[in-house]
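Enquirer: Have a look at this one.
The values are calculated or read from the model by the stated rules, or taken from the named source; none is laboratory data. All values reported here derive from a predicted model rather than from experimental measurement. Virtual Cβ from ideal backbone geometry, glycine too; neighbours counted across all protein chains shown.
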Amino acid sequence: MKKEDIETKLSSMDLPQPGNIPHQKELKIPLLSYKRSSRVGLWLLVVPAIVAVTIVLKYELGLSSSFLDIIQSFFAAIDGNSFFTYLIPFIFIGLPLLVMIVNLLAFCHFTVVEERKELVVTIKYRPLNIAIFLFAMSVILFFLLPDKLSF
Amino acid sequence: MNEEQLLAEIESDPRKFGELYEAYYKNIFGYVFRRTANYDAAKDIAAETFLKAYAGIGKFKWRNISVLHWLYRIATNELNKYFNSRAYQPVSLQRIHEEYGIDITDYATAETERTEFEEDLEKRREFLKINDQVKRLDTKYQEVITLRFYEQKSIKEIALILGKKEGTVKSLLSRGIDRIKETIEG
C-alpha cells in the first residue's frame with residue numbers, strides 16, 4: 001500500500017459526528033456556577049483582624065510600638081468621624097459575619113429530603129474553610145465584648 | 001460571534017463564558033470522542049477542558065487566534081494524560097466532587113446518550129479499525145494525525161494548537177503516516 005493510499009483512507013473515513021448532544025445543556029449550569037474558592041473571603045477579615053490584634057497586643061499584653069500607635073491613631077481618627085462611626089459595626093461585625101457565612105456554606109451542605117421530611121446537613125472536611133470560619137467567629141466575639149468598638 | 005469583544009465582556013462578567021461554551025462544546029466533545037472512541041471518557045475530558053478554560057480564561061490574551069484553538073490545546077493535553085495513564089484523573093472535576101459533593105458529569109440522560117453514541121460508533125467499522133492503529137502511535141503522531149484527518153485542521157492551525165512550527169507538524173504528519181503504513185503492512 002502506498003503512502004498516498006493511507007492518506008486517502010484517512011481523509012475519506014466516515015467519522016463519528018455527534019449531532020445532538022443532550023448533556024451539553026445539563027453540563028452548562030453546574031459548569032458556570034462552579035464557585036471559586038471561598039478562601040477569597042479572607043480579605044474581608046483583614047481590617048477587623050488588624051484592629052483586633054492591635055488591641056490585644058497593646059492593651060491586653062501591654063506591648064508598645066510605633067507601628068501599633070499608628071494603627072491606633074488611624075482607627076481613632078475614623079472613630080471620631082461621625083460618618084465612619086456608622087460603618088464601624090459593619091466593618092467589625094458585618095464583614096466577619098459575611099466571611100463566616102461564605103465559609104460555612106463551603107463546608108456545610110444542606111439537603112431537604114421531602115419524602116422523609118428531613119433536613120440532612122453534611123459537613124465536609126475542609127480544614128482551611130473551618131479554620132477561617134472559626135477565626136471570623138472569634139473576631140466577632142472579640143468585638144462584641146464591651147468597650148471594644150471604640151478607641 | 002466577535003470573540004475579541006466577547007472576551008472583554010467575560011472579564012467583567014464571567015458568566016458570559018457560557019457563550020463560548022455553547023459555540024464550541026460540540027467541537028471539543030466531538031474531537032475527544034473521535035480520539036477516545038469512549039463516551040464516558042469523552043464526557044469527562046470535555047468537561048475538564050471547559051472547567052480549565054473557565055478557570056483560566058483571564059490568562060487568554062486575544063492575538064487574532066480563536067479561543068477554539070486554545071480549547072483544542074487544553075483538550076489535547078487532557079487526552080495525552082488520558083492516553084499516558086491507565087487511570088485518568090480529571091483534576092478539576094474531582095475537586096468539584098470533593099468540595100461540593102456533586103458530579104457535574106452525572107447527567108439525567110447519560111445512560112440513553114451513551115447507548116446512542118456507542119451504537120453509532122459500532123456502525124463505523126472502518127473508522128474504528130484505523131483509529132485503533134492511530135492509538136498505537138506515539139502521542140506526538142496521534143496529535144497531528146487526528147487534528148489533520150479527524151478535525152480537518154490545516155497545518156498552520158495544527159501548529160497553533162500544538163505550539164509547534166509548521167515544518168515540525170509536516171514532518172510529524174509524514175512520519176506518523178509512515179508508521180500507520182508499517183503497521184498495516186507488518
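Enquirer: Has segment B:150-173 got any residue that is at pLDDT 95 or above, within 11 Å of chain A (Cβ to nearest Cβ), touching a helix residue (DSSP H, G or I) at 6+ places or on another chain (Cβ under 9 Å) and farther than 21 Å from B:Ile74 by Cβ?
Expert: Yes.
Enquirer: Does segment A:80-103 contain any residue that is exposed (fewer than 13 other Cβ atoms within 10 Å of the Cβ) and either at the interface with another protein chain (Cβ under 10 Å from one of its Cβ atoms) or of a type in the set (S, T, N, Q) (or both)?
Expert: The answer is yes, given that some residue of segment A:80-103 is exposed (fewer than 13 other Cβ atoms within 10 Å of the Cβ) and either at the interface with another protein chain (Cβ under 10 Å from one of its Cβ atoms) or of a type in the set (S, T, N, Q) (or both).
Enquirer: Give me a count of the residues in segment B:131-149 that are within 12 Å of chain A (Cβ to nearest Cβ) and either free of Cβ contacts under 8 Å to residues at least 12 places away in the same chain or more than 20 Å from A:Ile6 (Cα to Cα) (or both).
Expert: 1
Enquirer: Let me spell it out: the conditions are (1) buried (at least 20 other Cβ atoms within 10 Å of the Cβ); (2) of a type outside the set (Val, Ile, Thr); (3) touching a residue at least 60 places away in the same chain (Cβ under 8 Å), and B:Leu128 meets all of them except one. Which number is the exception?
Expert: (1)
Enquirer: Scan segment A:105-125 and give yes if some residue there is under 30 Å from A:Phe75 (Cα atoms) and in contact (Cβ under 8 Å) with a residue 12 or more places away in the chain, otherwise no.
Expert: Taking every residue of segment A:105-125 in turn, none turns out to be under 30 Å from A:Phe75 (Cα atoms) and in contact (Cβ under 8 Å) with a residue 12 or more places away in the chain.
Enquirer: While we're looking at this one, here's another question. Given B:Asp13, B:Asp40, B:Asp44, which one is among the acidic types (Asp, Glu) and more than 30 Å from B:Val134 (Cα to Cα)?
Expert: B:Asp13
Enquirer: Further, regarding this structure: Take B:Ile28 and decide whether it is without any contact (Cβ under 8 Å) to a residue 60 or more places away in the chain and surrounded by 20 or more Cβ atoms within 10 Å (Cβ to Cβ).
Expert: yes
Enquirer: Quick one: B:Asn38 ticks every box in (1) surrounded by fewer than 22 Cβ atoms within 10 Å (Cβ to Cβ); (2) in contact (Cβ under 8 Å) with a residue 12 or more places away in the chain bar one, so which box is it?
Expert: B:Asn38 satisfies all of (1) surrounded by fewer than 22 Cβ atoms within 10 Å (Cβ to Cβ); (2) in contact (Cβ under 8 Å) with a residue 12 or more places away in the chain except (2).
Enquirer: Still on this structure, I have one more. Please state which of the following conditions B:Ile65 fails to meet, knowing it meets all the rest: (1) surrounded by fewer than 16 Cβ atoms within 10 Å (Cβ to Cβ); (2) farther than 22 Å from B:Thr146 by Cα; (3) more than 11 Å from every other protein chain (Cβ to nearest Cβ).
Expert: Going through (1) surrounded by fewer than 16 Cβ atoms within 10 Å (Cβ to Cβ); (2) farther than 22 Å from B:Thr146 by Cα; (3) more than 11 Å from every other protein chain (Cβ to nearest Cβ) one by one, B:Ile65 breaks only (2).
Enquirer: Looking only at helices (runs of 4 or more DSSP H) that lie completely in segment A:70-151, which have at least 2 residues being over 14 Å from the mean Cα position of the chain (by Cα)?
Expert: Ranges flagged: A:82-89, A:127-144.
Enquirer: Separate question: Can A:Ile29 be described as modelled with pLDDT of 80 or more and either aliphatic (A, V, I, L, M) or in a helix (DSSP H, G or I) (or both)?
Expert: Judged against the criteria, A:Ile29 is not a match.
Enquirer: Out of all the residues in segment B:41-61, which are in a helix (DSSP H, G or I), aromatic (Phe, Trp, Tyr) and surrounded by fewer than 23 Cβ atoms within 10 Å (Cβ to Cβ)?
Expert: Within segment B:41-61, B:Tyr54 is the sole residue that qualifies.
Enquirer: Let me ask something else. Would it be correct to say that B:Lys129 is modelled with pLDDT of 90 or more and in a helix (DSSP H, G or I)?
Expert: yes
Enquirer: Look through B:Leu71, B:Leu20 and report the one residue that is touching a residue at least 24 places away in the same chain (Cβ under 8 Å), surrounded by 16 or more Cβ atoms within 10 Å (Cβ to Cβ) and under 13 Å from the mean Cα position of the chain (by Cα).
Expert: B:Leu71
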